[in-house]
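Input: a single structure, listed below in structure tokens.
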Amino acid sequence: MYRYDRDLFPHWITISGACNTRETVLKRDGTNVVTSSSCAATSGSWYSQYDGKTWTSASDIQIDHLIPLSEAWKSGASAWTTSKRQSFANDLTRPQLIAVTGSVNQAKGDKDPAEWMPPRTAYYCTYIRAWIQVKYYWALSIDQAEYNALYKYLYAC
């Protein structure tokens, strides 16, 4: 088995025309988003559910993989084909991709809910439900510490 490498999850693939996954999420999650002919967001605003901040520059936003790619790898994606990992990394159907404040996404890193929760507590229930939905759909395992955290937060919803 290979060691985890982000490149094993081809991401930001072309979705439509010149728009890749990242640009598609920026348009989906933003308000009044204007894009260039190459699909880059030139204006708009983005509300980050993780910390409650609104941004007017796409460069302040990162697209978070709710289930971090390295977490997916440890939870079963290491056995997947590259094609399936690509589908997971670009999943626009489930709540796997979300536009959030860049620095908050950096702080999250590859942590699961046992190690990190969004700073905005009002988002906890949505975050936990989305985590469970994505893990369930992709048949990814949950370790004991993760299970305990999910149970604790879900019970409080």
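The values are calculated or read from the model by the stated rules, or taken from the named source; none is laboratory data. Because the structure is a prediction, the values reported are computed rather than measured. We place every Cβ from the backbone using ideal geometry, glycine too, and count neighbours over all the protein chains shown. Note: areas computed on protein heavy atoms with side chains; ligands, DNA, RNA excluded. Shrake-Rupley method; radii C 1.70, N 1.55, O 1.52, S 1.80 Å.
All of (1) closer than 20 Å to Ile15 by Cβ; (2) among the polar types (S, T, N, Q); (3) in contact (Cβ under 8 Å) with a residue 24 or more places away in the chain hold for Ser70 with one exception: (1). Across segment 95-110, the number of residues qualifying as touching a residue at least 40 places away in the same chain (Cβ under 8 Å) and either open to solvent by less than 70 Å² (accessible area, probe 1.4 Å) or outside any loop (DSSP other than H, G, I, E, B) (or both) comes to 11. Residues in segment 118-157 that are polar (S, T, N, Q) and assigned to a helix (DSSP H, G or I) were compared, and the one that is farthest from Val100 (Cα to Cα) is Gln144.
Taking each residue of segment 8-28 that is polar (S, T, N, Q) and looking for partners that are at pLDDT 95 or above and part of a helix (DSSP H, G or I) with beta-carbon atoms closer than 9 Å, six or more apart or interchain, yields Thr14/Thr21; Ser16/Thr24; Thr21/Ala89. So, Leu92, is that one under 25 Å from Ile15 (Cβ atoms), touching a residue at least 60 places away in the same chain (Cβ under 8 Å) and open to solvent by 40 Å² or more (accessible area, probe 1.4 Å) or not? Considered against the rule, which asks whether it is under 25 Å from Ile15 (Cβ atoms), touching a residue at least 60 places away in the same chain (Cβ under 8 Å) and open to solvent by 40 Å² or more (accessible area, probe 1.4 Å), Leu92 comes out as yes.
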